[in-house]
């Protein structure tokens, strides 16, 4: 499908690097003195980087980019040379996109190209994280049994993972394996006072805004991968009562209907005053 994505005019780029920190998905790096889009997968097409380019070397274009095809990406990546290939492979590894990593490594083998980082295509043990975007590094937290302080109202956080934003999470991360997924609209955690206690406990989580986030097809594909590949047990869509929040439920429904496995989908609607308005099993 056609979607918006960044294009870089390398003839104009002077490698200043101003764009890199503005790409919150970590899709841009300065390699061999030029800004490079090292992975289509993590470019949201919003163009946050454009206004920080003093050479006017960046623009948003529409091109075929979905569904994501690692083979096509590698056709582009290899033109940049060994350093670009290395950055792309490390990027996939850091985001735990191991299936895409296998495809990329096999592409190099089939085309008799050197693997700059010598990653074994079948290994999932490559867990080191160097450079890239440390804020997106996947982490799991163990929660000890702590008695809540009823007198002070203090509660223990029930967050068991990082990251949580749906654009950033790897759909096959260990914390999604056989888990119960809480798919929450961004605003719910602020509107509902007991969000952690009532909804997050013993669940994996992904948050999104169906109104402001772009490229929602990626969201659907990630949810499908969580169902098929991570083998999640169920999805609870936690949304606000406002009309735009219904888009998150629609994405979850689309994913459930399109997936090879069938999982139960529940929706909980929260009012803007913080009360539970409705709970229902959708399928």
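The values are calculated or read from the model by the stated rules, or taken from the named source; none is laboratory data. Predicted, not measured: the structure shown is a model, and the values here were computed from it. As a convention, Cβ positions derive from the backbone with ideal geometry for all residues, glycine included, and neighbour counts pool all protein chains shown.
Observations on the structure shown:
- Strands (runs of 3 or more DSSP E) fully within the range 199-283 that include at least 3 residues being closer than 30 Å to residue 48 by Cβ and modelled with pLDDT of 95 or more: 204-208, 234-240.
- Listed conditions (1) free of Cβ contacts under 8 Å to residues at least 40 places away in the same chain; (2) farther than 30 Å from residue 175 by Cα; (3) crowded, with 17+ Cβ neighbours inside 10 Å are all met by residue 37, apart from (2).
- Every test in (1) in contact (Cβ under 8 Å) with a residue 12 or more places away in the chain; (2) within 26 Å of residue 208 (Cβ to Cβ); (3) out of contact with any helix residue (DSSP H, G or I) (no Cβ under 8 Å at 6 or more places or on another chain) is passed by residue 65 save one, and that test is (3).
- Lone unmet requirement of (1) in a loop (DSSP other than H, G, I, E, B); (2) within 18 Å of residue 173 (Cβ to Cβ); (3) at pLDDT 85 or above for residue 132: (3)
- Some residue of the range 237-247 being buried (at least 20 other Cβ atoms within 10 Å of the Cβ), within 26 Å of residue 5 (Cα to Cα) and either without any contact (Cβ under 8 Å) to a residue 60 or more places away in the chain or assigned by TED's automatic domain parsing to the domain that holds residue 181 (or both): yes
- Scanning the range 71-100 for residues that are touching a helix residue (DSSP H, G or I) at 6+ places or on another chain (Cβ under 8 Å) and at pLDDT 85 or above gives 71, 74, 78, 85.
- Residue check, residue 189 more than 15 Å from the chain's Cα centre (by Cα), part of a loop (DSSP other than H, G, I, E, B), under 30 Å from residue 239 (Cα atoms) and modelled with pLDDT of 90 or more: no
- Test: residue in the range 85-98 that is outside any helix (DSSP H, G or I) and farther than 30 Å from residue 255 by Cα: no
- Applying the condition of being part of a strand (DSSP E or B) and surrounded by fewer than 18 Cβ atoms within 10 Å (Cβ to Cβ) to the range 4-29 and asking which residue is modelled with the highest pLDDT yields 7.
- Subset of the range 52-62 (residues that are out of contact with any helix residue (DSSP H, G or I) (no Cβ under 8 Å at 6 or more places or on another chain) and without any contact (Cβ under 8 Å) to a residue 60 or more places away in the chain): 53, 54, 55, 56, 57, 61
- Within the range 30-50, the set of residues being part of a helix (DSSP H, G or I) and in contact with a helix residue (DSSP H, G or I) (Cβ under 8 Å, 6 or more places away or on another chain) comprises 40, 41, 42.
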